[in-house]
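The values are calculated or read from the model by the stated rules, or taken from the named source; none is laboratory data. None of these values were measured; they are calculated from a predicted model. A quick note on method: Cβ atoms are made from the backbone with ideal geometry, for glycine too, and the neighbour counts reach across all protein chains shown. In case anyone asks, the SASA skips ligands and DNA or RNA and just uses the protein heavy atoms, side chains included. Shrake-Rupley method; radii C 1.70, N 1.55, O 1.52, S 1.80 Å.
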Amino acid sequence: MSHAYPLLVADIGGTHARFGVVHARGERPSDIRTIPGQEHPSLQSALQAYLAAVGGEPPRRVCIAVAGPVQPGHFILTNRPQWNTPLSVLKSAFKFELVDVINDFEALAGALPLLERGEREPIGEPSTAAVADVLAVVGPGTGLGVGAAVRTRSGWQALPGEGGHVELASPDPRARAAIGAASHYGRVSAERFLSGPGLELLHATLGAIDGSPRQALDAAAIAKRADSGDEQARDTVAVFLKLLAGFAGDVALMLGARGGVFLSGGVIMRLRHFIDAQCFREDFENKGRLRSYMAAIPVNLIAIDTLALRGCALHLENLEGATE
């Protein structure tokens, strides 16, 4: 495989698309730009706009992280299906040498070992400073993503998955009532409540449970009203964070993520100042006989929104290294 640079890296979510360029091995992406997905009818259109804006030498190799399942030769953007594009079309349209696509949380997970201290914010403190070989990331955004990184003899290996679609549960009576009230969906996935649209649904569901219908609000409006002290909005945020802490703990259990669970995504960053570290850790650790196991697992917020781009660059560089 050619060692041609620059590389083009992209992180395509349901709401925004981020693009960047890597000019040499080991460098961080630069020329990073965020483009609202609604401004372009297709991924090709967004790519063309980005490349025209940054100019310079055309990239030869590309890695795109997408919010959805990846299959041979194509991908499925769960929350922006009109951007679904066969890789052969992208390769031909832009004369790329290589186009590779990975799940966005595979990209995030692969870059977790690259996080520096100033790029993460701890939520409370674990009981001990465990050194372990598994890291996990959970991210409520337009959807709910889950990924993991496992240390192997040849380095860190990212594991993709669709963990946001497992069924949601909670020991908290109010959270459990909300899950029960949504049972008409047939099954209640974690993403059903733990996402931007999920926050909106949770707000309405809690109002119905209380017998006091609430005004329909989007996630940004709920966060804004919570900021201003609105009791209903704060109630929604409190239940959302309780569900998120419990789900993050379940992910840690399933993966044995003793190295830590990292929280990412626009929703949690918007709500970060509502997190009570002691309460969050209590809900995270509340796993019955395994409470002491959970108490040793750190939880951190990822304080940057470009980590997936670094994961894409690392993925391409690992592909290159495998062929040397």
Item to check | Amide proton proximity set for Ala169, modelled H, under 5 Å, gap of 5+ | outcome: none
Checklist outcome for this item: Ignoring ligands and nucleic acids, Thr142 exposes an accessible area, probe 1.4 Å, in Å² to the nearest 10, of 50
Checklist outcome for this item: Ordered by number, the trypsin sites (Lys or Arg not before Pro) in segment 54-104 that occupy a DSSP loop and have at most 14 other Cβ atoms within 10 Å are Lys95
Checklist entry - Rounded to a whole number, what % of the accessible area of the chain do carbon and sulfur atoms account for, probe 1.4 Å? => result 51
Checklist entry - Given H placed on each backbone N at 1.01 Å, which residues far from Ala303 in sequence or on other chains put an amide H within less than 5 Å of it? => result Arg120, Glu121
Next on the checklist: Using the Karplus curve 6.51 cos²θ - 1.76 cosθ + 1.60 with θ = phi - 60°, what ³J(HN,Hα) values do you get for each residue of segment 232-243, in whole Hz, with x for Gly and Pro?
Outcome noted: 5, 5, 5, 4, 4, 4, 5, 5, 4, 5, 5, 5
Checklist outcome for this item: Measuring from its Cα centre, the chain shows a charge dipole (+1 at each Lys and Arg Cβ, -1 at each Asp and Glu Cβ) which, in debye to the nearest 20, is 240
Next on the checklist: Which order do you get for Met294, Met269, Met254 if you rank them by accessible area with a 1.4 Å probe, largest at the top?
Outcome noted: Met254, Met269, Met294
Item to check | Residues of type lysines that Lys287 reaches as a straight line, Cα spacing below 25 Å, ignoring anything fewer than 8 places off in the same chain | outcome: Lys242
Checklist outcome for this item: For segment 53-202, averaging the sequence separation of alpha carbon pairs under 8 Å that lie six or more residues apart and dividing by its residue count, the contact order in percent is 18
Item to check | Exposure ranking of Tyr5, Tyr185 by accessible area [1.4 Å probe, largest first] | outcome: Tyr185, Tyr5
Item to check | For Rg/Rh (Cα atoms, Kirkwood Rh), calculated from these coordinates, the label among (i) 0.98; (ii) 1.13; (iii) 0.96 | outcome: (i)
Checklist entry - Given Val188, Thr236, Gly211, which one lies farthest toward the positive end of the charge dipole of segment 186-240, if we put +1 on the Cβ of every Lys and Arg and -1 on the Cβ of every Asp and Glu? => result Val188
Next on the checklist: Which one, Phe274, Met254, Leu307, is farthest towards the positive end of the dipole of segment 226-324 when Lys and Arg carry +1 and Asp and Glu -1 on their Cβ?
Outcome noted: Met254
Checklist entry - Per residue, what accessible area does segment 41-115 have, given a 1.4 Å probe and all protein chains present, in Å²? => result 41
Next on the checklist: I'd like the Karplus ³J(HN,Hα) series for segment 263-275: coefficients 6.51, -1.76, 1.60, θ = phi - 60°, whole numbers in Hz, and an x wherever there's a Gly or Pro.
Outcome noted: 9, 9, x, x, 5, 5, 5, 6, 9, 4, 6, 8, 6
Item to check | Ranked order, Trp156, Trp83 - accessible area, probe 1.4 Å, largest first | outcome: Trp156, Trp83
Checklist outcome for this item: So for R0 = 56 Å, FRET eff. of Ser45-Arg289 from the Cβ-Cβ r, to 0.05, ends up at 0.55
Checklist entry - Along the charge dipole of the chain, Cβ charges K/R +1 and D/E -1, which of Trp156, Leu7, Ala107 sits furthest on the positive end? => result Trp156
Checklist entry - Dipole magnitude of segment 1-101 about its Cα centre, charges +1 at Lys/Arg Cβ and -1 at Asp/Glu Cβ only, in debye to the nearest 20? => result 80
